[in-house]
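A short reminder: the numbers here are calculations on the coordinates, not readings from a lab. Quick caveat: nothing in here was measured; it's all calculated off a predicted structure. Every residue, glycine among them, receives a Cβ derived from its backbone with ideal geometry; neighbour counts consider all protein chains shown.
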Amino acid sequence: MKRHSAVLTIIVLLASPAFAQLAPSTGDAAASKEDIQKLFEVMQIHQQMRQVMDAMMKQQTAMIDETLKKRYPQTSADKIARANRMIVETVKDMPMDAMLDDMIPIYQRHFSKTDIDAMSTFYASPTGQKMMREMPSLTSESMQASYARMQKQMDVIQQKAEQIVKEDQEKQKSTPPATPSQQKN
């Protein structure tokens, strides 16, 4: 589940088109909460986040289906469907407004009022609006393109985790239990 939360966080951050690594210039006025909320409105960030999460949910369910079938071939279709429903419910219950509120101080640290105003102007332009319309497709296609790599990396991580557990179990088997006199020391 932690992996899903991490993936959600990464996707949300990548979905936000304010990619620039600019720090506010010294002497520039700080962006207010209202400035950033205006930017979020122009960017239609709430809808963008929902679309990205929906696309990610489809990707995650496909990955989980494949992983469950591969690692546990005896797993019933009902159990796989139950895992998929859990993912759908988890994504559906994401507190979007609270997540956006959490992002405001981050934007304030990285962007000045001038920066935010410039981004608002860009995203209100035809090119900015096109970028916003295309962002869900870009994100979805990027996720599809990286799926095989992500699955391969997840397999490696899973194998390493299983090896650690196996080594710990073997170590516990080979270590004799402590005697009462050893426990006192």
Which of SER112, SER76, SER140 has the fewest Cβ neighbours within 10 Å, and the rest in rising order: SER76, SER140, SER112
Using amide H atoms built in the peptide plane, which far-off residues or other-chain residues are under 5 Å from SER112 H to H? SER25
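Need one number: convex hull volume per residue for the range 40-170, Cα atoms only, in Å³.
Values: hull volume 20.1 nm³, N = 131.
Here the figure is 154 Å³ per residue.
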What list do you get for LYS58, LYS130 if you sort them by fewest beta carbons within 10 Å? LYS130, LYS58
Taking N as its residue count, the alpha carbon Rg of the range 55-94 over 2.2 N^0.38 Å: 1.15
